[in-house]
1. Of the peptides 421-430, 200-209, how do they stack up when ordered by the mean number of other Cβ atoms within 10 Å, highest first?
2. Quick check for you: which residues of the range 219-240 have the amide N under 16 Å from the point 7 Å beyond the Cα of Asn176 toward its beta carbon?
3. How charged is the neighbourhood of Lys369? Take every other residue with its Cβ under 11 Å from the Cβ of Lys369, and add Lys/Arg as +1 and Asp/Glu as -1.
4. Under 14 Å from the Cα of Lys295, which aspartates and glutamates turn up, not counting those fewer than eight places away in the same chain?
5. Using R₀ = 30 Å, calculate the FRET efficiency as 1/(1 + (r/R₀)^6) where r is the Cβ-Cβ separation of Arg191 and Thr278; round to 0.05.
6. Sorting check: for 218-225, 61-68, which peptide has the highest mean count of neighbouring beta carbons within 10 Å, and how do the rest follow?
7. Give the shape of the range 5-286 as rounded, prolate or oblate, defined through the alpha-carbon gyration tensor: a ≥ b ≥ c are the square roots of its eigenvalues, a/c under 1.5 means rounded, and otherwise the shape is prolate if a/b is larger than b/c and oblate if not.
8. Find how much the distance from Asp350 to Ala242 grows on full extension, using 0.36 nm per residue of separation minus their present alpha carbon separation; answer in nm with one decimal.
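FYI, it's all coordinate maths here, none of it is from the lab. Predicted model only: the values in this text are computed from it and were never measured. Every residue, glycine among them, receives a Cβ derived from its backbone with ideal geometry; neighbour counts consider all protein chains shown.
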Amino acid sequence: MKPPFYITTPIYYVNDVPHIGHAYTTIASDMMARFARMEGREVMFLTGTDEHGQKIQKVAQTAGIEPQAFVDQVSERFWQLTPLFNLSNDQFIRTTEERHIRSAQALWVHMTERGFIYKGGYAGWYAVRDEAFYAESELVNGKAPTGADVEWVEEPSYFFKLSAFQEPLLAFYRDNPNFIGPEARRNEVIRFVEGGLNDLSISRSSFKWGVPVPDEPEHVMYVWVDALANYITALGYPDEKAANFKKFWPESLHIIGKDILRFHAVYWPAFLMAAGLTPPKRLYAHGWWTNEGQKISKSLGNTIDPVELVENYGVDQVRYFLLREVPFGQDGDFSRSALEQRINSDLANDFGNLAQRVLSFVYKNAEAKVPTPSSFSEQDEVLLKAAQELLSRLRENFEKQALHRMIEAIWELVGAANRYVDAEQPWSLKKTDPERMATVLYVLMEVLRHLAFYIAPIMPQTSEKLLALLGITDKHMTFEKLNQKKLESGMDLPQPQGLFPRIEKDRKE
Ligand code: ME8
């Protein structure tokens, strides 16, 4: 039995509508969820929205709408990313759901029962934009290190004994060297924890929009306690006997942006240990996108609307670009010229052209049927072997979340196949050696079949289209099937169609 796979995105704040940064995390997670399903693993893929806290309350107030009505509206916009980007999430969680309120409260009660929560008073700095407390020593020119405005907060508050977890956390990082990726982020977290941990204020009493603290109606939970709990709510917590909880916890992979590493790598495992639960298996923090060299922000008016991008360029094109352009884990810059360049070179020229030249040649010159191969030459064997062995490279890189390396490896095969077409020249074999021509075309179609499977997690629509052009209509693709069933010679093929239109240079917005 292959291990189950639980993959999550951050739950996004509904203070603002989604932009390309949010879509990025969910698309990357979608690629991994799809890959794991093709491995025959049982997958739970979770995304959703974070709907409580002072930030949301303030924005709703400014808009003159009740918080619940406001979060209903904005959450819907995040939900729409699923059909827009062809995402395969199994659940979409909202922290205002009843099941989640119950779960966050149960987590709180367990932490209290085990002696890790006490009542006190907080006096210090708070940045509403970051929903984070900052020590005086962390401020830079009177602002949070992130640049967010801070305000002085003084109010009765419950505290979490984070200080008690310095040693347990360091031991946990030591015993689980794979807990945090990439490696540089792991070192960053260890250094931070080694520097000492202060107890954490985990309730607020100066506003109301949050999960009520059990038996303490004047307090709502600090939004991060509430938010992090979403990962176990979705599995059925507080029922630890729930089938999904037993199956998927702690087999989890939390995909996050580097901005929220500390909450996930320090607070979250500490909360779980405090409640007597096992921390998640792994976190992976990806990098930060800028837009044409600038920070993406509402105030600069340069947020990129995912809907407009998909309408203009196509869903698979955008998915491909985001996953390919920047090594997963590093920062990157979004630009339309880079996107158009990738579409024209990687997709239209390299991939699309390979499929087009092979399929239209077969259609016109080989009776529109899967050709019958005779004996394979050494070059044929080399290419077929490269197509088969690519899977092990994909697997290795999948384990490390090296998504860009997975794509690079696939494009190496595309390159090899294009060179093979040029070298073998099936068009000149038509008259001189039709038998050899049939073999060459069969080899190429087998390579295309492998490619159609390999690109499925990245570009699901294109994969389906290409499979249909190869006469394969089975929608439930697994890597086991890829290896079991070759193309059947003699099978009728449909009329070829292009996969990726080119973007013309003089095109105007
Ligand atoms: O932090 N580049 O929500 P959030 C890359 N609710 N990724 C980006 C990005 C950019 N420019 N902008 C946003 C929260 N992201 C909390 C999370 S989880 C229990 C609670 C992505 O709406 C990236 O994944 O501010 C980042 O971590 C997340 O959106 C922050 O979303």
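1. 200-209, 421-430
2. Of the residues in the range 219-240, 228-233 have backbone N under 16 Å from the label point off Asn176.
3. Values: positive: none; negative: Glu367, Glu488, Asp492.
Around Lys369, the surrounding residues sum to -3.
4. Once the sequence-local aspartates and glutamates are set aside, what remains near Lys295 is Asp259, Asp331, Asp333.
5. Once the sixth-power term is evaluated, E becomes 0.75.
6. Numbers: 218-225: 23.1, 61-68: 12.9.
Sorting 218-225, 61-68 by mean packing, highest first, produces 218-225, 61-68.
7. Taking the square roots of the gyration eigenvalues as a ≥ b ≥ c, the range 5-286 is rounded.
8. So the extension gain works out to 34.1 nm.
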